[in-house]
1. Any idea which residue in the range 301-337 is farthest from Met245 (Cα to Cα), counting only those that are touching a helix residue (DSSP H, G or I) at 6+ places or on another chain (Cβ under 7 Å) and assigned to a helix (DSSP H, G or I)?
2. Can you run down the residue pairs with Cβ atoms below 8 Å, 6 or more apart or on separate chains, where the first is in the range 284-306 and among the aliphatic types (A, V, I, L, M) and the partner is surrounded by 12 or more Cβ atoms within 10 Å (Cβ to Cβ) and assigned to a helix (DSSP H, G or I)?
3. Return only the number of the condition from (1) more than 19 Å from Ile77 (Cα to Cα); (2) within 17 Å of the chain's Cα centre (by Cα); (3) of a type in the set (D, E, K, R) that Arg379 does not satisfy.
4. Across the range 353-392, what is the total count of residues that are touching a residue at least 24 places away in the same chain (Cβ under 8 Å), small (Gly, Ala, Ser) and over 24 Å from Pro242 (Cβ atoms)?
5. Looking at (1) closer than 18 Å to Asp185 by Cα; (2) assigned to a helix (DSSP H, G or I), which is the one condition that is false for Glu400?
6. Among the listed residues Thr299, Thr279, Thr345, Thr295, identify the single one that is at pLDDT 95 or above and within 16 Å of Phe385 (Cα to Cα).
7. Among the residues in the range 239-249, are any in contact (Cβ under 8 Å) with a residue 24 or more places away in the chain, basic (Lys, Arg) and surrounded by 22 or more Cβ atoms within 10 Å (Cβ to Cβ)?
8. Given the criteria within 29 Å of Gly164 (Cβ to Cβ) and assigned to a helix (DSSP H, G or I), does Leu392 qualify?
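The values are calculated or read from the model by the stated rules, or taken from the named source; none is laboratory data. Please read all numbers here as calculations on a predicted model, not as lab measurements. Backbone-built Cβ (ideal geometry, glycine too); neighbour counts: all protein chains shown.
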Amino acid sequence: MSEADPESVQSGSAATADASGGGTSRRALLAWGGAGLALGAAAAGGTAAILRQNSEPAAPGTMGMAVPFHGEHQAGIATPVQDRLHFAAFDVKTKDRAELIKLLKEWTAAARLMTAGLPVGEGGFGGLPEAPPDDTGEALGLKASRLTLTIGFGPGLFAGDRFGLNGRRPVALVDLEQFPGDNLDASRSGGDLCVQACADDPQVAVHAIRQLARIGFGKVAVRWSQLGFGKTSSTTPDEQTPRNMMGFKDGTRNISGTDKAALDKHVWVGAGDGSDWLTGGSYLVARRIRMHIETWDRTPLQEQEDIFGRDKGEGAPVGKSKEREEPFLKAMKPEAHVRLAHPDTNDGATILRRGYSFTDGTDGLGRLDAGLFFLAYQRDVRKGFIPIQRNLAKNDSLNEYIQHVGSAVFAVPPGVRDKDDWWGRTLFT
């Protein structure tokens, strides 16, 4: 990746070992133990925290700018939604708590570099031919593209006191129930860890997940992943509302990323919510929703609009002329999607959505495997996603055209505060 905004790269913390003596370089490893030792260290990601020498930041461009990595909250939640997604859920294979902590520190160091538009370690070329490069290289020359990396911890991480986390599982990190109509694929559900990579360039997002998986080789394994495009929700209400694969505008009433009061009320975990280590974090629900595209495409326009409760052109609620006018719910059919998902129908339940469209080829019968990869952040899953989905699953007329086929829930820790902080520190220390 090309050089960009250095906000997340701290002076001195990422200098090469050869230059600073603050670590072990691949060249030193080769000198001490031969090529075999160096190859093993590179495969384990041991050099992930090392910044390539002579990497000087360049002024960010409009679309290539870097999103600050450090902060009270993780980036990628209230951040203006980027156009592309690569989401991955991981199973933790190591049984060693210290090894897992070491991996989380290495991941943090790599994320700090990649979100700044910098290559990992000594880069993708120019090193010793006897050792694999520290960076796979497919993002070299590309800008940061507003890359954000957001990590979450699944229920399995706390099961059976695997890593000394007995009693640390947040009470709101509940196992999601089987909702009516669900047809969940276990191979597309669950996970001990997740990483959400969002960027304006798909290659930048894919590169980020690839690098983290490479660094974690032998300690974690990808359980499932999902590529997404064409954001279907926006945290910037002043922008054009995006459309989903059914052609309708989606996310009109989403929480704004600048609405601090709404974020504090509905998204960020508070100090009195029962899990101090998660204060400043959030909860994430991920759902892979398959759309029956061929059936939908043969549905009359009026029926489509009645199903959503909005017109297809402007996106205005039933009986209104402008998209952002307050909807009159009783003017909609009782089973209209907008009516059933609205906070007024769900005792005020409100979530922040960051959904993406997906197309994954065909299903073998000539039908598109396409739909919505739904991502929702909230302060408490029990008061956010669950009551809304219960209502939708039972009554939504849209259910004839969609099916939930993948599901996962994660506790999302607070942000990385500075160069000495790391993902999950509040949980493990």
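1. If we take residues in the range 301-337 being touching a helix residue (DSSP H, G or I) at 6+ places or on another chain (Cβ under 7 Å) and assigned to a helix (DSSP H, G or I), then Leu329 is farthest from Met245 (Cα to Cα).
2. Sorted first by the residue in the range 284-306, then by its partner, the pairs are Val285/Val381; Val285/Phe385; Met291/Tyr401.
3. All conditions pass for Arg379, except number (1).
4. Residues meeting the conditions: 0.
5. All conditions are met except number (1).
6. None of the other options fit; the residue is Thr345.
7. Within the range 239-249 (the criterion being in contact (Cβ under 8 Å) with a residue 24 or more places away in the chain, basic (Lys, Arg) and surrounded by 22 or more Cβ atoms within 10 Å (Cβ to Cβ)), the answer is no, since none of the residues qualifies.
8. no
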